[in-house]
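Peer 1: One structure follows; several queries about it will come next.
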Amino acid sequence: MKRSYLKLLKNNKAWVAEQNRNDPNFFKELAQGQNPEYLWIGCSDSRVPANQITGTKSGEVFVHRNIANMVVHSDMNMLSVLSYAVEVLKVKHIIVCGHYGCGGVLAAMGNKQFGLIDNWLRHIKDVYRLHYKELDALADKELRARRFVEVNVIQQVYDLAKTSIVQNAWRKKQPLHVHGWVYDVKDGLIKDLKVSFTGMKDLHAIYHFEK
Ligand code: CO
């Protein structure tokens, strides 16, 4: 068990061989640089691997993951990824993908202490507070948790639209769509929440930046 990590290195060699067999130019082309069309903001959960569940290959998706797929506007890590993806790579789509059964969201629904992470989960509690009327009305805890996952994703989509990075791209008429999705670990399917932003019109004016 102690040396279980060796399996990963062995798998890597097998994967390299397979890629070369399928396409002898695979690594040569990737070495030229990346030109991904998508930025993925997902949960760190090991069951939600961006490329695998979307059938995309190396080079296709720029990825940022954190606990509960949050867009926290003071998070330098997220902002740097967003800025690079939008301003340099010029991705055309940003996908916030949450997942049902998200441990972070479930923890935020409760009152138990988990340590330092409680401060991260606070951001998710703030989302609950914004939507408490709808959520508290759901008596079934499982249904409430599923809806909380959805409204959390929707909130993160809005929070992306509030950034100067996304707004400046829209102002420059750079094609940029922001989407909200939820992955179901129970059946592997992704649900499109149909909250899709292509401009600032759906955002309260208080968040609109001038040029
Ligand atoms: Co999660």
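Peer 1: Which order, highest average first, do 10-22, 136-148 follow once you tally other Cβ atoms within 10 Å for each residue and take the mean per peptide?
Peer 2: Peptide ranking by packing, descending: 136-148, 10-22.
Peer 1: I want to check the label-to-label distance for residue 141 and residue 6. Put each point 7 Å from Cα in the C-beta direction and report it in nm to one decimal.
Peer 2: So the label points at residue 141 and residue 6 sit 4.3 nm apart.
Peer 1: What distance in nm lies between label points placed 7 Å from Cα along the C-beta direction at residue 114 and residue 84?
Peer 2: It is 2.6 nm.
Peer 1: Moving on. Can you list the lysines whose alpha carbon sits under 20 Å from that of residue 125, skipping same-chain ones fewer than 8 residues off?
Peer 2: 112, 133, 141, 162
Peer 1: I would also like to ask the following. Mind ordering 44-57, 154-167 by average Cβ neighbours within 10 Å, highest first?
Peer 2: Ranked by mean Cβ neighbours within 10 Å, highest first: 154-167, 44-57.
Peer 1: Using modelled amide H (1.01 Å from N, peptide plane; none on Pro or chain starts), what sits under 5 Å from the amide H of residue 193, excluding residues fewer than 5 places away?
Peer 2: Excluding prolines and chain starts, which carry no amide H, the hits are 180, 181, 182.
Peer 1: So if each residue of separation counts as 0.36 nm, and I subtract the Cα-Cα distance between residue 191 and residue 25, what length gain in nm does that give?
Peer 2: Full extension from residue 191 to residue 25 adds 56.3 nm.
Peer 1: Also: Summing Lys, Arg as +1 and Asp, Glu as -1, what charge do residues with Cβ under 13 Å from the Cβ of residue 186 carry, residue 186 excluded?
Peer 2: The answer is 0.
Peer 1: Right, next: For the stretch 66-184, what does the alpha-carbon gyration tensor say about shape, rounded, prolate or oblate, given a ≥ b ≥ c as the root eigenvalues, a/c under 1.5 as rounded, and a/b over b/c as prolate?
Peer 2: Prolate, because a/c is 1.5 or more and a/b exceeds b/c.
Peer 1: What span do the alpha-carbon atoms of the chain cover on each of the three principal axes, reported in whole Å from largest to smallest?
Peer 2: 56, 50, 30
No lab work stands behind these numbers, since they all come straight from the coordinates. Given the structure is predicted, the values throughout are model-derived calculations rather than measurements. Backbone-built Cβ (ideal geometry, glycine too); neighbour counts: all protein chains shown.
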